[in-house]
1. Could you please tell me which pairs satisfy a Cβ distance under 9 Å, a separation of 6+ or placement on different chains, a first residue in segment 44-63 that is within 19 Å of Ile22 (Cα to Cα), and a second residue that is aromatic (Phe, Trp, Tyr) and loosely packed, with under 12 Cβ neighbours inside 10 Å?
2. Report whether or not Arg82 is of a type in the set (D, E, K, R) and either closer than 30 Å to Ser5 by Cβ or touching a residue at least 60 places away in the same chain (Cβ under 8 Å) (or both).
3. Out of Ile46, Ile22, Ile63, report the one residue that is β-branched (Val, Ile, Thr) and in contact with a Phe, Trp or Tyr (Cβ under 7 Å, 6 or more places away or on another chain).
4. Name the residue that is least open to solvent (accessible area, probe 1.4 Å), counting only residues in segment 73-94 that are among the aliphatic types (A, V, I, L, M) and under 29 Å from Met33 (Cβ atoms).
Amino acid sequence: MNAWSKFWNWYENKILGSIIIIAIIQFIQIPHMIWNADMMLQAGVISRVHPAIDWLLYGVDLIEIVSIINVGMIMFSLIKKRREKQVINSTKHD
């Protein structure tokens, strides 16, 4: 088994953990969305209160990258499993 196959076997065993990470990232987005709405409406309730808070809430957007990569890897893993299953089923019928 090559390193690529070993990695995907390991990752497929960790998919639940990946989904939990994605969920946490999505929940972190809630304060960011509220902050962003406050910025757009120029209400100033939570935006522009302190530069550090603005920086943290703006920076939350950057952790979405992890979520996007993670979802892509899960999709690839599931597609790979489905194709392997189809190959096995087609060889049984031959």
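1. none
2. Details: of a type in the set (D, E, K, R): yes; either closer than 30 Å to Ser5 by Cβ or touching a residue at least 60 places away in the same chain (Cβ under 8 Å) (or both): yes.
Criteria met by Arg82.
3. Numbers: Ile22 fails: in contact with a Phe, Trp or Tyr (Cβ under 7 Å, 6 or more places away or on another chain); Ile63 fails: in contact with a Phe, Trp or Tyr (Cβ under 7 Å, 6 or more places away or on another chain).
Ile46 is the lone residue from the list that is β-branched (Val, Ile, Thr) and in contact with a Phe, Trp or Tyr (Cβ under 7 Å, 6 or more places away or on another chain).
4. The initial filter retains those residues of segment 73-94 that are among the aliphatic types (A, V, I, L, M), namely 73-75, 78-79, 87-88.
Narrowing further to those that are under 29 Å from Met33 (Cβ atoms): 73-75, 78.
Details: Met73: 48, Ile74: 21, Met75: 107, Leu78: 98 Å².
Looking at residues that are among the aliphatic types (A, V, I, L, M) and under 29 Å from Met33 (Cβ atoms), I get Ile74.
The values are calculated or read from the model by the stated rules, or taken from the named source; none is laboratory data. A quick note: this is a predicted structure, and the numbers were derived from the prediction, not measured. Methodologically, a virtual Cβ is constructed for each residue, glycine included, from the backbone with ideal geometry; neighbour enumeration extends over all protein chains shown. Areas reflect the complete protein model, heavy atoms only, side chains present, ligands, DNA and RNA absent. Shrake-Rupley method; radii C 1.70, N 1.55, O 1.52, S 1.80 Å.
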